[in-house]
Amino acid sequence: MTVSRRRFLQSVAGGAAAAWAAGPQAWAFEPVDVKNPLGSYPQRDWERIYLDQYRYDGKFPWICHPNDTHMCRMMAYTRNGVMIRAEQNYDHQRAGDLYGNHATVAWNPRGCANGFTMQRRVYGPYRLKGPVLRKGWKEWVDAGCPPLSDHPELRTRYKFDDRGNDSFVRMNWDQVFEYMAKALVAIAKTYSGPEGAERLRRDGYEPQMVEHVQGAGTRTMKIGSNLPVHGVVGKFGIYRFANMMALVDHHVRGVPPEKARGTREWNEYTWRGDQAPGHPFVHGLQTSDMDFNDLRFSKLVIQIGKNLIENKRPESHWLNEVMERGGKIVDIAPEYNAPATKANYWISVRPGLSDISVLLGVTKLMMDRGWYLEDFCRRFTDFPLLVRTDTLKRLRPQDIDPNYKLRDLRGKPSYTIQGLTDEQREKIGDFCVWDTSKNQVAFVSREDVGKHMNIPAALKGTYRVRLADGQEVEVLPIFEMYHRHLADYDLETVEEISGAPAHLVERLARDIWETTQAGHPVSIHIGEGINHYFHATLHNRAVYLPLMLTGNIGRHGAGGYTWAGNYKGALFQGSHWSGPGVGSYVAEDPFHPVLEENVRITKKHLRKTADVEDPSYWASGERTLTVDLPKGGPRCFTGKTHLPTPTKMIWYNNANFINQAKWIYNLIVNVFPKMDMIVDQQIEWTGSAEFSDVVLPVNSWVEFEDWEMAAA
Ligand code: SF4
């Protein structure tokens, strides 16, 4: 039956009229008179659930320290022994050193959503609760670890070429340790000596890599940690194990202790691309970073490719404090990112290396307009040092006086504080500047800085100098060189290269100068290293130029900084007066451990048997940088100090290492089948565990049962 629209409306209207005719019920219009609705609500038991959920019967402080370098102090609340929630602990000011120095309250609050939900990780479905072995790998060990290079078909039988599709077998710790020990000894034996080298060649590794094994099968093992400074014992400790593998080499090859070799140690700072490679160029430090509390003193904070708000969440409050204290924030980034929304102005740049041109344009402008502190440049930078225009090398005192003897700096801070050695002193040498008061060259050493630099050295101009051999050459200060070099970076060109509006580049230069003139500090914060910037070396160096011009180095709130964390291992490095630092633990001579409690460990107790290798060679398919030259055949550009060895075993902790590797498909298909053992130490089951042979669960940072030492 079809109903027309008209008919339908008529019937609806009829229905409504019928309902009206039935009369409205009085109760439907009378308000309910309840004096206290909550008092008479029929069922309120459910409220207990949420009223109760914050109840706890225990609590303990803990430090959150995943591979993100923040190390926030948190408080865990427990009920019946189960952690139910985490909160910021607001007690960073209690952290202090042996000398009584304490952090400021300004460090509070710290923490982020990841830390607040740590209990979900601890009790979550992916939590590793016991050690497991890959089934095929276990069978290989049960078969006596037959050399896989001799019988490549075994790689298929035991699924070395199909990791990720195998299953895992749960075993107890003692059993797992036994399997691992057997495999480690077998791998060391298999790849030691000429027979081992032959196997490696058969597996197709480059000859120079095979040679670099130097006969010790232990050197085909790679052991590493990620951000080990977050636990000297729990994470760094794995390097002690790498060093102790010399005991296995001694046992396997029968070599005397002094010839026994440990494994290769995988680093991670460069592997992740976190290292800012230009920093050592500028000041010799691996990385320059500030105590973040210092950020509060900055009156002009320039962030380049850095996002404290979204990526460094516990640190974002420092920007609030800059704003509260009247500081300016400038954000340089391709996208209008979170820091840009909080900045006084945002300078948009093309992605890639274009922000280098912004920094060079700023520098040129400041040099052109005289926006620099001559005295600072003279006393604290290398701007006055003379360079020969014929060789483009520094003019050295020996060029002028062949009998020149290096200044004796022993007893000076270079030796007493910075630990300079005679060999380094020899290499660094002395320098020349142009003394404008005498109109001649003057010799200076690295100690002639600050108040010790009293020569009115020229920053500009060119000068002629007669050398010891009678030749006359032209020289010029580094400042003059930069000024000439930057001639191309006028505002229009900078805008063309970078897309950064010229007026904003000019405004930035002016802001740096005016902030400096007002006596306030300026800081530039960049995000890490080559993972952020193409040509990071150039970028890092360019960052320092405006700061050097304006003396914004070495004072609270000023400076050029990156942020990574890995380099903070240096906090545990030794000095001649403090002892070997973390080396006391990781590099103790495995053949002569110090067993007496009260002996102070010195360098004489150490013996490094393991040496460092960058995992990047493994990650790029187990290759050195070898190029087939059009003339002269293949040539290896990887220096001797960086040569990798073939990888037959990896063992690492504190990262989802395989998951984070680049070119993972190549690794899984071409590299993994040739590897005999992969050990993964994890809190949770991850993508890395999926492709490992041995997976060892670890305590998370809320479950520590002993003291640990760390830094952030
Ligand atoms: S930032 Fe978050 S995840 Fe990182 S240490 Fe702090 S609370 Fe933990």
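The values are calculated or read from the model by the stated rules, or taken from the named source; none is laboratory data. Quick caveat: nothing in here was measured; it's all calculated off a predicted structure. Cβ: placed from backbone, ideal geometry, glycine included. Neighbour counts: every protein chain shown. For the accessible areas, the whole protein counts, side chains as well, though only heavy atoms, and no ligand, DNA or RNA atoms are used. Shrake-Rupley method; radii C 1.70, N 1.55, O 1.52, S 1.80 Å.
Looking at (1) surrounded by fewer than 16 Cβ atoms within 10 Å (Cβ to Cβ); (2) not assigned by TED's automatic domain parsing to the domain that holds LEU667, which one does PHE168 not meet, given that it meets all the others?
For PHE168, the failing item is (1).
Please tell me if ARG163 is within 35 Å of the chain's Cα centre (by Cα), away from the ligand (no atom under 16 Å from the Cβ) and assigned to a loop (DSSP other than H, G, I, E, B).
So ARG163 fits the description; yes.
Could you tell me which residue of the stretch 101-110 is farthest from CYS64 (Cα to Cα), considering only residues that are surrounded by fewer than 16 Cβ atoms within 10 Å (Cβ to Cβ) and either among the hydrophobic types (A, V, I, L, M, F, W, C) or more than 15 Å from the ligand (Cβ to nearest atom) (or both)?
To start, the set of residues in the stretch 101-110 that are surrounded by fewer than 16 Cβ atoms within 10 Å (Cβ to Cβ) comprises 101-102, 104-106, 109.
Filter again for either among the hydrophobic types (A, V, I, L, M, F, W, C) or more than 15 Å from the ligand (Cβ to nearest atom) (or both), leaving 101-102, 104-106.
Numbers: ASN101: 22, HIS102: 20, THR104: 19, VAL105: 18, ALA106: 18 Å.
Filtering the stretch 101-110 for residues that are surrounded by fewer than 16 Cβ atoms within 10 Å (Cβ to Cβ) and either among the hydrophobic types (A, V, I, L, M, F, W, C) or more than 15 Å from the ligand (Cβ to nearest atom) (or both), the one farthest from CYS64 (Cα to Cα) comes out as ASN101.
Here is a list of conditions, (1) part of a helix (DSSP H, G or I); (2) buried (at least 22 other Cβ atoms within 10 Å of the Cβ); (3) hydrophobic (A, V, I, L, M, F, W, C); (4) modelled with pLDDT of 95 or more, and PHE376 meets all of them except one; can you say which number that is?
Of everything listed in (1) part of a helix (DSSP H, G or I); (2) buried (at least 22 other Cβ atoms within 10 Å of the Cβ); (3) hydrophobic (A, V, I, L, M, F, W, C); (4) modelled with pLDDT of 95 or more, PHE376 misses just condition (2).
Anything in the stretch 63-76 that is open to solvent by 30 Å² or more (accessible area, probe 1.4 Å), outside any strand (DSSP E or B) and more than 6 Å from the ligand (Cβ to nearest atom)? List them, or say none.
Result: ASN67, single match.
Has the stretch 536-545 got any residue that is small (Gly, Ala, Ser) and buried (at least 22 other Cβ atoms within 10 Å of the Cβ)? Let's see the steps before the verdict.
Taking the stretch 536-545 first, the residues small (Gly, Ala, Ser) are 536, 542.
Next, only the ones that are buried (at least 22 other Cβ atoms within 10 Å of the Cβ) stay: 536, 542.
So far as the stretch 536-545 goes, yes, one or more of its residues are small (Gly, Ala, Ser) and buried (at least 22 other Cβ atoms within 10 Å of the Cβ).
Looking at this structure, is ILE309 away from the ligand (no atom under 16 Å from the Cβ) and either within 25 Å of the chain's Cα centre (by Cα) or crowded, with 20+ Cβ neighbours inside 10 Å (or both)?
Working: away from the ligand (no atom under 16 Å from the Cβ): no; either within 25 Å of the chain's Cα centre (by Cα) or crowded, with 20+ Cβ neighbours inside 10 Å (or both): yes.
The answer is no for ILE309.
Report whether or not THR641 is exposed (fewer than 14 other Cβ atoms within 10 Å of the Cβ), in the same structural domain as ASN243 (by TED's automatic domain parsing) and of a type in the set (Ser, Thr, Tyr).
Working: exposed (fewer than 14 other Cβ atoms within 10 Å of the Cβ): yes; in the same structural domain as ASN243 (by TED's automatic domain parsing): yes; of a type in the set (Ser, Thr, Tyr): yes.
Yes.
Quick check: is even one residue across the stretch 320-335 within 16 Å of the ligand (Cβ to nearest atom), at pLDDT below 95 and outside any loop (DSSP other than H, G, I, E, B)? Talk me through it step by step, then tell me what you get.
Filtering the stretch 320-335 for residues within 16 Å of the ligand (Cβ to nearest atom) gives none.
No, the stretch 320-335 has no match at all.
Determine, yes or no, whether VAL229 is β-branched (Val, Ile, Thr), within 30 Å of GLN93 (Cα to Cα) and assigned to a helix (DSSP H, G or I). Outline the logic, then answer.
Numbers: β-branched (Val, Ile, Thr): yes; within 30 Å of GLN93 (Cα to Cα): yes; assigned to a helix (DSSP H, G or I): yes.
The answer is yes for VAL229.
Taking the stretch 116-126 only, how many residues are within 15 Å of the ligand (Cβ to nearest atom) and assigned to a helix (DSSP H, G or I)?
The qualifying residues number 6.
Just to be sure before I move on: is TYR269 assigned to a loop (DSSP other than H, G, I, E, B), open to solvent by 10 Å² or more (accessible area, probe 1.4 Å), out of contact with any strand residue (DSSP E or B) (no Cβ under 9 Å at 6 or more places or on another chain) and away from the ligand (no atom under 16 Å from the Cβ) in the structure I sent? Before you say what the answer is, go through the steps one by one.
Values: assigned to a loop (DSSP other than H, G, I, E, B): yes; open to solvent by 10 Å² or more (accessible area, probe 1.4 Å): yes; out of contact with any strand residue (DSSP E or B) (no Cβ under 9 Å at 6 or more places or on another chain): yes; away from the ligand (no atom under 16 Å from the Cβ): yes.
So TYR269 passes the test.
Would you check if there is a residue in the stretch 566-575 being farther than 26 Å from ALA260 by Cβ, under 22 Å from the mean Cα position of the chain (by Cα) and surrounded by fewer than 17 Cβ atoms within 10 Å (Cβ to Cβ)?
Yes; the residues of the stretch 566-575 include at least one that is farther than 26 Å from ALA260 by Cβ, under 22 Å from the mean Cα position of the chain (by Cα) and surrounded by fewer than 17 Cβ atoms within 10 Å (Cβ to Cβ).
Of the conditions (1) in contact (Cβ under 8 Å) with a residue 40 or more places away in the chain; (2) aliphatic (A, V, I, L, M); (3) surrounded by 12 or more Cβ atoms within 10 Å (Cβ to Cβ); (4) within 16 Å of the ligand (Cβ to nearest atom), ALA113 satisfies every one except a single condition; which number is it?
(3)
What are the pairs, 6+ residues apart or on separate chains, where a residue within the stretch 214-243 that is under 23 Å from PHE704 (Cα atoms) has its Cβ under 6 Å from a residue that is of a type in the set (Lys, Arg)?
From residues that are under 23 Å from PHE704 (Cα atoms), the pairs are SER225/LYS235; PRO228/LYS235; VAL229/LYS568.
Go through the stretch 663-694 residue by residue and tally those that are part of a loop (DSSP other than H, G, I, E, B), open to solvent by less than 30 Å² (accessible area, probe 1.4 Å), within 11 Å of PHE160 (Cα to Cα) and in contact with a helix residue (DSSP H, G or I) (Cβ under 7 Å, 6 or more places away or on another chain).
Going through the stretch 663-694 one residue at a time, the tally reaches 2.
Residue by residue through the stretch 379-412, note down the ones that are open to solvent by 70 Å² or more (accessible area, probe 1.4 Å) and aromatic (Phe, Trp, Tyr). Explain how you work it out, then say what you get.
Here is the first cut: in the stretch 379-412, the ones open to solvent by 70 Å² or more (accessible area, probe 1.4 Å) are 380, 390, 392-394, 398, 402-403, 405, 407-408, 410, 412.
Listed by number, the list holds a single entry, PHE380.
Can you spot a residue in the stretch 222-243 that is assigned by TED's automatic domain parsing to the domain that holds THR609 and farther than 30 Å from CYS64 by Cα? Lay out the reasoning, then the answer.
Here is the first cut: in the stretch 222-243, the ones assigned by TED's automatic domain parsing to the domain that holds THR609 are 222-243.
Imposing the further condition that a residue be farther than 30 Å from CYS64 by Cα reduces the set to none.
No, because not a single residue in the stretch 222-243 is assigned by TED's automatic domain parsing to the domain that holds THR609 and farther than 30 Å from CYS64 by Cα.
If only one of ALA587, ALA564, ALA570 is in contact with a Phe, Trp or Tyr (Cβ under 9 Å, 6 or more places away or on another chain) and closer than 30 Å to SER298 by Cα, which one is it?
On the way: ALA587 fails: closer than 30 Å to SER298 by Cα; ALA570 fails: in contact with a Phe, Trp or Tyr (Cβ under 9 Å, 6 or more places away or on another chain).
Only one candidate qualifies: ALA564.
What is the residue count in the stretch 77-100 for residues that are part of a strand (DSSP E or B), more than 19 Å from ILE309 (Cβ to Cβ) and within 12 Å of the ligand (Cβ to nearest atom)?
First, pick out the residues of the stretch 77-100 that are part of a strand (DSSP E or B): 77-79, 82-88, 96.
Keeping just the survivors that are more than 19 Å from ILE309 (Cβ to Cβ) gives 77-79, 82-87, 96.
Then keep just the ones that are within 12 Å of the ligand (Cβ to nearest atom); that gives 86-87.
Selection size over the stretch 77-100: 2.
When the stretch 488-508 is examined, which residues are found to be open to solvent by less than 30 Å² (accessible area, probe 1.4 Å) and either within 19 Å of GLY305 (Cβ to Cβ) or of a type in the set (Asp, Glu) (or both)?
VAL494, SER498, ALA500, LEU504, VAL505, LEU508
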